[in-house]
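This report concerns only the one structure given below.
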Amino acid sequence: MGSLLKKNEMITVEDITDSERDSWIEEIASICESYGKFLALDPMLVFEALESKRTFWYPNYYHKANFPDLEGVFKARDINDLLKKIDISQGFRCPFCKAVSKSPYKCDSGIEVERGGGIIKCNWKSYGLFNTLGRGLRIMLTDNFLNNPFVDEIFYPVSLETNNARPNQFPGKIDAQRAKTIILNGLFRNRSPKTLK
Ligand SMILES: [Zn+2]
């Protein structure tokens, strides 16, 4: 089983002591309480739902890579609610080249950037090792969260930017229908928690 955690961050059964187990239980309770508050649901209901999805050992499941802090997380009921709140036709800000990408996950701005000692067309990915460099938007679709407990991270929607006069704006107009197709094919596909990959 692969994991986003570095190897030395993985914990094995032999490593854990009684007091560590107790602190994990506190950590799990804290996650369920904060997620319950965010979702306006009973924390016990959240706990039961998360447990029903858990297929591996709890310290590696209840990890920040899977259940991050919810501060700043954008809430939408479902994909339609999200599409009402975000104008996807304006595109998404790539955190690396700063230009506008039609895809919220993989930069398609066409801007040339220097990476790995060469010049390439920017292809930054929101799901790569460095995610969105802290410049993206984390999103939770609340209606189905208990069935698909996953907080997604995408490039920051241009329509939510407060300063629209940023440099390197996408020079052309985005085809809204095409952008919508890209989004619906990619956004919130029913992914398992990252460590299951
Ligand atoms: Zn880019």
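Summary table
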quantity	calculated
Gly91, sole failed condition from (1) over 26 Å from Ser126 (Cβ atoms); (2) within 16 Å of the ligand (Cβ to nearest atom)	(1)
Index of the failed condition, Phe96 passing every other in (1) touching a residue at least 12 places away in the same chain (Cβ under 8 Å); (2) surrounded by fewer than 20 Cβ atoms within 10 Å (Cβ to Cβ)	(2)
Residue that is small (Gly, Ala, Ser), over 30 Å from Lys121 (Cβ atoms) and in the same structural domain as Asn147 (by TED's automatic domain parsing), where the choices are Ala40, Ala76	Ala76
Filter pass, Val100 being of a type outside the set (Lys, Arg), on the phi < 0 side of the Ramachandran plot and away from the ligand (no atom under 16 Å from the Cβ)	no
Boolean, Glu48 is more than 18 Å from Ser159 (Cα to Cα), at pLDDT 90 or above and surrounded by fewer than 17 Cβ atoms within 10 Å (Cβ to Cβ)	yes
Within the range 40-90, helices (runs of 4 or more DSSP H) holding 3 or more residues that are closer than 18 Å to Glu26 by Cα and in contact with a helix residue (DSSP H, G or I) (Cβ under 9 Å, 6 or more places away or on another chain)	43-53, 58-61
Matching residues in the range 108-132 - criterion: being more than 11 Å from the ligand (Cβ to nearest atom) and acidic (Asp, Glu)	Glu114
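The values are calculated or read from the model by the stated rules, or taken from the named source; none is laboratory data. Remember, it's a predicted structure, so these values are computed and weren't measured experimentally. Ideal geometry is used to build each Cβ from the backbone, glycine not excepted, and the neighbour counts take in all protein chains shown.
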